[in-house]
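S.K.: This is the structure, below, for whatever I ask next.
The values are calculated or read from the model by the stated rules, or taken from the named source; none is laboratory data. As the structure is a computational prediction, the values presented were derived from the model and not from experiment. Using ideal geometry, Cβ is built from the backbone for each residue, glycine included, and neighbour counts are taken over all protein chains shown. Surface areas here come from the heavy atoms of the whole protein model, side chains and all, with no ligands, DNA or RNA. Shrake-Rupley method; radii C 1.70, N 1.55, O 1.52, S 1.80 Å.
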Amino acid sequence: MPDLTRSELDAIHADHAKIFTRQWFTRLFSGQLPPGDTFWAGNYGPALFAVPVLVLVALFTALASPGHLSPLFGSAAIIAAIYRGAILLGLIRSVRRAGPGPRIWHALGIAWTLLETGLLLWVGLRLLVG
């Protein structure tokens, strides 16, 4: 890999600083990001923050009130399903805007996000309803 100039490194840093901001999420949900960014960063980026927080909350909930984790995890799954549904709509919009290319990856990304959205909704409802 060639050495990058200082201006190229600054441009990369400025681009990375925009990730996970309010404007970035607006662009994500409206399908203005490329399909790959929408799929990978949209589906799995926030999990880098949400999963550790959920584990800590679950730990303290289990310590304070053993046996009452179903509402917590059910609610978290429903919230995650709603978020994934928004990502799914953004991904569909992004794929529509994408130029020519290997459409199989676009279709697989949409199918995978749809599957995860459905599974999260199903698990959440099972945990909340019983």
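S.K.: Any idea which of 62, 14, 58, 81 is more than 25 Å from residue 121 (Cβ to Cβ), of a type in the set (A, V, I, L, M, F, W, C) and in a helix (DSSP H, G or I)?
M.R.: On inspection, the qualifying residue turns out to be 14.
S.K.: Still on this structure: Which is surrounded by 14 or more Cβ atoms within 10 Å (Cβ to Cβ), out of contact with any Ser or Thr (no Cβ under 6 Å at 6 or more places or on another chain) and modelled with pLDDT of 95 or more, of 77, 81?
M.R.: Only one candidate passes the filter, namely 77.
S.K.: Does residue 86 fit the bill of being within 22 Å of residue 122 (Cβ to Cβ), touching a residue at least 24 places away in the same chain (Cβ under 8 Å), touching a Leu at 6+ places or on another chain (Cβ under 9 Å) and buried (at least 17 other Cβ atoms within 10 Å of the Cβ)?
M.R.: So residue 86 fails the test.
S.K.: Right, next: Among the residues in segment 2-19, are any under 14 Å from the mean Cα position of the chain (by Cα) and among the charged types (D, E, K, R)?
M.R.: Within segment 2-19, none of the residues are under 14 Å from the mean Cα position of the chain (by Cα) and among the charged types (D, E, K, R).
S.K.: Within segment 26-55, how many residues are open to solvent by 60 Å² or more (accessible area, probe 1.4 Å), part of a loop (DSSP other than H, G, I, E, B) and among the polar types (S, T, N, Q)?
M.R.: Of the residues in segment 26-55, 1 are open to solvent by 60 Å² or more (accessible area, probe 1.4 Å), part of a loop (DSSP other than H, G, I, E, B) and among the polar types (S, T, N, Q).
S.K.: Can you tell me which residue among 13, 68 is touching a helix residue (DSSP H, G or I) at 6+ places or on another chain (Cβ under 8 Å) and open to solvent by 90 Å² or more (accessible area, probe 1.4 Å)?
M.R.: Of the residues listed, the single one that is touching a helix residue (DSSP H, G or I) at 6+ places or on another chain (Cβ under 8 Å) and open to solvent by 90 Å² or more (accessible area, probe 1.4 Å) is 68.
S.K.: Right, next: Please determine whether any residue of segment 36-47 is in contact with a Leu (Cβ under 9 Å, 6 or more places away or on another chain), closer than 24 Å to residue 129 by Cα and of a type in the set (S, T, N, Q).
M.R.: So far as segment 36-47 goes, no, none of its residues is in contact with a Leu (Cβ under 9 Å, 6 or more places away or on another chain), closer than 24 Å to residue 129 by Cα and of a type in the set (S, T, N, Q).
S.K.: Still on this structure: Is there any pair with a first residue in segment 98-112 that is surrounded by 10 or more Cβ atoms within 10 Å (Cβ to Cβ) and a second that is outside any helix (DSSP H, G or I) whose Cβ atoms are under 9 Å apart and which are 6 or more apart or on different chains, and what are they?
M.R.: 98/34; 106/98
S.K.: How many residues, within segment 83-130, are closer than 14 Å to residue 37 by Cα and among the acidic types (Asp, Glu)?
M.R.: Residues in segment 83-130 being closer than 14 Å to residue 37 by Cα and among the acidic types (Asp, Glu): 0 in total.
S.K.: Find all pairs meeting these conditions: Cβ atoms under 9 angstrom apart; at least six residues apart or on different chains; first residue within segment 11-31 and under 12 Å from residue 41 (Cα atoms) and charged (D, E, K, R); second residue at pLDDT below 90 and surrounded by 10 or more Cβ atoms within 10 Å (Cβ to Cβ).
M.R.: none
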